[in-house]
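Note sheet for the following structure.
The values are calculated or read from the model by the stated rules, or taken from the named source; none is laboratory data. Everything quoted here is computed from the prediction, not taken from an experiment. Heads up, the Cβs are rebuilt from the backbone with ideal geometry, glycines too, and the neighbour counts pull from every protein chain shown.
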């Protein structure tokens, strides 16, 4: 039975009224944040205060300043953009067999005198015991099933691995942007045991980033992760540290404070802050993330900047080896902005990679039909759960 929308009309109206009431307060907090940012003239002192502080919220590390705005560099006459994106069919415990499928879409765009495009998708089925779980090498019998949120992370590793393959196949003469959708920081791994992090991050994702770094020494190759409509508050949290009257901020003990000046900035998003600072095409200063998982990234520590792409302010993440190279940093800025301009506000390479990768609900159902038909053909039992069978049967 379809959702009865008539039963939530009043709830939606109440939500809209609440949002309208909050909008003025949010605007006041944004104006206050801009004032605080404008007053930060001693960046080195603020940097030291950030390093000495302990907070429960992520605070952006300062690299080259706080409120700087950088215009869009010129795009080279000839260049290449490669991108990969993925989708998957998760393990379904109500089906007759445990397996999952990852479909990686990829795009190679050549721009300039000899334009061209190569679009592809590579589906891969994972069904072996070694594919379905990550096993602890030290604690016998301890394992972590690859499904749900962990499968999302596994797919991210596969996307990055495919990007390395695309980059390795390119000639060295054209400057190239390698582009991924979303964050380069595998945040969710913080919730898993160390043996899971070692498998997916150390031996997986970071190994891929190292492959791209080595290729960048042979070719003019840069890497970026693009986050549309970001919800992050790292830079605003830096301003919260700045306004705190204490020399060393300890947010766990902040309830003892009488003023709570930082609360006047709470709720403002970084994108709102930089929408007021950046002109179209401009990027912000560079920042670093204070995420705990970053301690394992080493030379690939993720830096980020905000970019005004007309319709929105996006967050662009890059590894340290890109941030430390002014030439690669400028190329990243120029290429990402050019991609957004061509894609009406969103990188066209990522949009096309997503279209090649997407797996619809119909695709998933056809996949399971193929699996079960193949089992029947080989005279193997097809024993799904009663719950799964009930979904296919109308009783009323």
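Residues in segment 87-102 include none that are part of a loop (DSSP other than H, G, I, E, B), out of contact with any helix residue (DSSP H, G or I) (no Cβ under 7 Å at 6 or more places or on another chain) and without any contact (Cβ under 8 Å) to a residue 40 or more places away in the chain. For segment 177-206, filtering for residues that are in a helix (DSSP H, G or I) and either under 18 Å from the mean Cα position of the chain (by Cα) or in contact (Cβ under 8 Å) with a residue 60 or more places away in the chain (or both) leaves 15.
Taken together, 28, 22 contain a single residue that is out of contact with any strand residue (DSSP E or B) (no Cβ under 8 Å at 6 or more places or on another chain), modelled with pLDDT under 95 and closer than 26 Å to residue 62 by Cβ, which is 28.
With 159, 210, 143, 165 as the choices, which residue is surrounded by fewer than 21 Cβ atoms within 10 Å (Cβ to Cβ) and either touching a residue at least 60 places away in the same chain (Cβ under 8 Å) or more than 27 Å from residue 127 (Cα to Cα) (or both)?
210 is the lone residue from the list that is surrounded by fewer than 21 Cβ atoms within 10 Å (Cβ to Cβ) and either touching a residue at least 60 places away in the same chain (Cβ under 8 Å) or more than 27 Å from residue 127 (Cα to Cα) (or both).
Please verify whether segment 42-50 includes one or more residues that are at negative phi and under 25 Å from the mean Cα position of the chain (by Cα). Yes: segment 42-50 contains one or more residues that are at negative phi and under 25 Å from the mean Cα position of the chain (by Cα). Of the residues 110, 32, the single one that is part of a strand (DSSP E or B) and surrounded by 14 or more Cβ atoms within 10 Å (Cβ to Cβ) is 110.
So is residue 215 farther than 20 Å from residue 59 by Cα and either touching a residue at least 60 places away in the same chain (Cβ under 8 Å) or assigned to a helix (DSSP H, G or I) (or both) or not?
Yes, satisfied.
Scanning segment 37-59 for residues that are surrounded by 14 or more Cβ atoms within 10 Å (Cβ to Cβ), in contact (Cβ under 8 Å) with a residue 60 or more places away in the chain and more than 10 Å from residue 241 (Cα to Cα) yields 37, 40, 57, 58.
On the stretch given as segment 113-137, residues that are within 22 Å of residue 206 (Cα to Cα) and either assigned to a loop (DSSP other than H, G, I, E, B) or touching a helix residue (DSSP H, G or I) at 6+ places or on another chain (Cβ under 6 Å) (or both) total 3. Against the criterion of being in contact with a strand residue (DSSP E or B) (Cβ under 9 Å, 6 or more places away or on another chain) and touching a residue at least 40 places away in the same chain (Cβ under 8 Å), residue 34 does not qualify. Listed by position, the helices (runs of 4 or more DSSP H) contained in segment 346-396 that have at least 3 residues being touching a strand residue (DSSP E or B) at 6+ places or on another chain (Cβ under 7 Å) and either at pLDDT 85 or above or surrounded by 10 or more Cβ atoms within 10 Å (Cβ to Cβ) (or both) are 348-357.
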